[in-house]
Amino acid sequence: MTIPTALPAPTARRVLPVLGTLLAALLCALTFGATPASAHAALTSTDPANGSVVQTAPQRITLRFSEGVLLNADSIRVLDPAGERVEQGGPEHVDGKSDSAAVALRAGLANGTYTVAWQAVSADSHPVAGAFTFSIGAPSKTTVKATATVTEVDPAVEVLYDAGRYAAYAGFVLLVGGCVFAGVCHSSRSVQRIAVGGWITLFASTAALLLLRGAYTSGKGMGNVLDLTLLGDVLATKPGAALLSRLLLLSAAAVFLAVLFGSYAREDDDRTRGERRDVAYGLGIGGTVVAVGLAATWAMAEHASVGIQAWLAMPVDVVHLVAVAVWLGGLAALLATLRSGEPLRRAAVVRFSRLAFASVCALVATGLYQSWRQVGSWDALTGTSYGRWLLVKAGLVIVLVGVAYFSRRWTARLTDGPEPRKTKSARPTAQKVAAAQKVTAAAKGGGSDSAERAAQLARQRAALEKAAGKRQRDADENRSGLRRSVGAEAAVAVVLLAVTTVLTGTQPGRAEAEQQRAASGAAAPAATGPAEVRVPYDTGGTNGRGTARITLDPGRSGRNTLDVAVTDAAGRPVDVPELEVSFTEKAKEIGPLRATLERRSGGRWQATGFQLPMAGEWQLSLTVRTSDIDQVTEIKNVKIN
């Protein structure tokens, strides 16, 4: 946020050292609080192992993750066959390593099957959870359902939290981009509304995220949003500290906003050119520190802070975020100025065009590095959710650059044209004179009716002046064309920010591939190959007959890829309106475990990372719907090693 001069030199010399010290302290706290890891934690091994049978009761349960995790008092719950908790004390890291968690068990545990439910927060701020079982002596029946032990995020909390994350990005873009536009290109009341609106949005969304985060990571409902205990737990974590630091940085940003659109906006002839230059230099540095600090609250608490080359990824992410804000926030400020109809010189638009071009260059350079770091391979680019969303984002950026090309063409055609000087009033039109005479006559008449009539005439005159200003604005074809193209850019930018928000909550492709390798390496190669089942179905309706070929790869307990291929009676791939697959272990009363299927191509669906907690004879349930009323459920048994 580059902010030009505004304070008198003596005041600036007193204020800037204090603000600089505060901002430097906040940035140091954020910098030294960041720890590298690998994005989105996944359970890689357990002791006892998943589905294993041990002869004597273990003293503790140990979990190993693919990255560091944050723990709370309920991060690990161990339930006996009757569903009673048997852990003793709270969970803790093993030997101080953040990628591990352990909890002690009570002495004298009886034989039977025990269920371990765990939940934690990844080092990149995302909640993760799961469950597995082990047996002491011999397996037994249990009243605990594995799926019921996994704490899920309350849907209302999740929706509000995602909305808050989007609002925070939008607020940052408007705040930083609006201030840069005001300082470098053009300052006006419309630009002030953009920047101040961004500050308010970012402050409100950050405060909301701070309150919602406890319920979001613990799986509790909306009634716990104001729980001070949860808030204290959040503030003790790196994401919570980042949100609190963002609020403190916004307090400093409020001072710069007051300066930029206050004393700096008013011309002060008593200050010499040298004094103004000194203040501009000091506030420019301070504004840059604020912008970098705000961007760092994202970079040091999310994807950039974990994984390979975190020391380089975090500053690259800061540059990426600031470049996005300068470009898209500046677009919003330019659009607001053009729509207001206020005078805007061609030189200001040209300066922003150059600034936007530099921002796009920075975005391309940093975006390529981030894509390589988060995806890592061409297969992950198309074979993971993160890679596909990244392709969508790249496509939107290309569209945005294409629209910007037309904006640059309109900019080249702009001319300043004659503008009324501020020191001279424009000659009143006949309509204005008549309106003024009516207001004067009404005021002389006296009484409440006359006052009301005078106010009404004043509103009419304001409406006429606004309409005249709009006609004058639309009369310039080049400025109208520029306004339309900038409006199109802003519309694409809104969608682009939404996709960016989704990306920050999606597991990176490189991390997903690493976790798959870790999971496959930890599992014993007991199976000879994928488990495959062919399930004929007949819903009874038109074209209701067909076959579903279900493949579970590698067909072992743990992480699997579930592939479903549906063909009609003639063997041709066919899409059906609804398709559901679930697994149930009847003997141990586990399930049904439903797979989240995603359509890959015509007649083919897939679920990656589908977890089966143990080996055994599983009952596969396939539900196929071929019309609004024609539906059937078929059941087959599948052997899992």
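Quote to one decimal, in nm, the extra length available between Glu532 and Arg345 on full extension: 0.36 nm per residue of separation minus the C-alpha distance between them. Please report the intermediate quantities before stating the final value.
On the way: separation 187, 0.36 × 187 = 67.32 nm, distance 6.94 nm.
Result: 60.4 nm gained on full extension.
Of Ser75, Val191, Thr133, which is farthest on the positive side of the dipole of the stretch 67-195, counting Cα position, with +1 on Lys and Arg Cβ, -1 on Asp and Glu Cβ, and the Cα centre as origin?
So the residue furthest toward the plus end is Val191.
Mind ordering 156-166, 322-332 by average Cβ neighbours within 10 Å, highest first? Please report the intermediate quantities before stating the final value.
Values: 156-166: 17.5, 322-332: 26.1.
Descending mean neighbour count gives 322-332, 156-166.
Summarise the accessible area of the stretch 589-641 (1.4 Å probe, protein heavy atoms) by the percent that is carbon and sulfur. Display every interim value, and only then the final one.
On the way: 1070 of 2680 Å².
Here it works out to 40 percent.
Given a Förster distance of 30 Å, report the FRET efficiency between Arg354 and Ala394 from their Cβ-Cβ distance, rounded to the nearest 0.05. Before the final figure, lay out the partial values.
Values: r = 24 Å, r/R0 = 0.80.
Between Arg354 and Ala394 the formula returns 0.80.
Taking a ≥ b ≥ c as the square roots of the eigenvalues of the Cα gyration tensor of the stretch 280-409, is the shape rounded (a/c under 1.5), prolate (a/b larger than b/c) or oblate? Can you show the working numbers first?
Working: a/c = 2.79, a/b = 1.44, b/c = 1.94.
Judged from the Cα gyration tensor, the stretch 280-409 comes out oblate (a/c at least 1.5, b/c at or above a/b).
How many nm separate the modelled label positions at Phe406 and Thr623, each set 7 Å beyond the Cα in the direction of the Cβ?
4.7
According to the square roots a ≥ b ≥ c of the eigenvalues of the Cα gyration tensor, what is the shape class of the stretch 561-641, taking rounded for a/c under 1.5, prolate for a/b larger than b/c otherwise, and oblate for the remainder?
Numbers: a/c = 2.17, a/b = 1.69, b/c = 1.29.
Taking the square roots of the gyration eigenvalues as a ≥ b ≥ c, the stretch 561-641 is prolate.
Using a simple spin-label model with points 7 Å from Cα along the Cα→Cβ vector, what separation in nm is obtained for Arg594 and Glu452?
Once both label points are built, they end up 6.1 nm from each other.
Hey, rough spin-label estimate for Val364 and Glu158, points 7 angstrom out along Cα→Cβ, what's it come to in nanometres?
Taking the two extended label points, one gets 3.8 nm.
Quick one: order Phe65, Phe406 from most to least accessible surface, probe 1.4 Å. Please report the intermediate quantities before stating the final value.
Values: Phe65 15, Phe406 110 Å².
If we order Phe65, Phe406 from most to least accessible, we get Phe406, Phe65.
Between Ala138 and Asn641, how high is the FRET efficiency from 1/(1 + (r/R0)^6) when r is the Cβ-Cβ distance and R₀ = 30 Å? Nearest 0.05.
Values: r = 19 Å, r/R0 = 0.63.
Efficiency for this residue pair is about 0.95.
So if R0 is 51 Å, what FRET efficiency would Ser385 and Gln460 give, r being the distance between their Cβ atoms, rounded to the nearest 0.05?
Working: r = 57 Å, r/R0 = 1.11.
After rounding, the FRET efficiency stands at 0.35.
Can you sort Leu257, Leu174 by 1.4 Å-probe accessible area, starting with the largest? All intermediate terms of the calculation are to be shown ahead of the outcome.
Values: Leu257 15, Leu174 50 Å².
Sorted by accessible area, descending: Leu174, Leu257.
In square angstrom, what is the accessible area per residue of the stretch 338-385 with a 1.4 angstrom probe? Walk me through the numbers before you get to the answer.
Values: 2630 Å² over 48 residues.
For the stretch 338-385, the per-residue accessible area is 55 Å².
Peptides 126-132, 210-216, 310-316: what's the order by average Cβ count within 10 Å, highest mean first? All intermediate terms of the calculation are to be shown ahead of the outcome.
Details: 126-132: 20.6, 210-216: 23.7, 310-316: 17.6.
Most protected by this proxy first, the peptides run 210-216, 126-132, 310-316.
Using the Cα gyration tensor of the stretch 294-348, with a ≥ b ≥ c the square roots of its eigenvalues, what is the shape: rounded (a/c below 1.5), prolate (a/b larger than b/c) or oblate (neither)?
Working: a/c = 5.57, a/b = 3.57, b/c = 1.56.
Taking the square roots of the gyration eigenvalues as a ≥ b ≥ c, the stretch 294-348 is prolate.
Which order do peptides 249-256, 299-306, 602-609 fall in by mean Cβ count within 10 Å, highest first?
The packing order, highest mean first, is 299-306, 249-256, 602-609.
Please compare each pair in Lys141/Lys220; Lys141/Lys636; Lys97/Lys586 to a cut-off of 32 Å on the Cα-Cα distance and tell me which ones are over it. Display every interim value, and only then the final one.
On the way: Lys141/Lys220 29 Å; Lys141/Lys636 22 Å; Lys97/Lys586 38 Å.
Long pairs (Cα-Cα over 32 Å): Lys97/Lys586.
The values are calculated or read from the model by the stated rules, or taken from the named source; none is laboratory data. For clarity, every value in this text was computed on a predicted model and none was experimentally measured. Every residue, glycine as well, gets a Cβ built from its backbone with ideal geometry; the counts of neighbours run over all protein chains shown. Quick note on the areas: whole protein, heavy atoms, side chains included, nothing else; ligands and nucleic acids left out. Shrake-Rupley method; radii C 1.70, N 1.55, O 1.52, S 1.80 Å.
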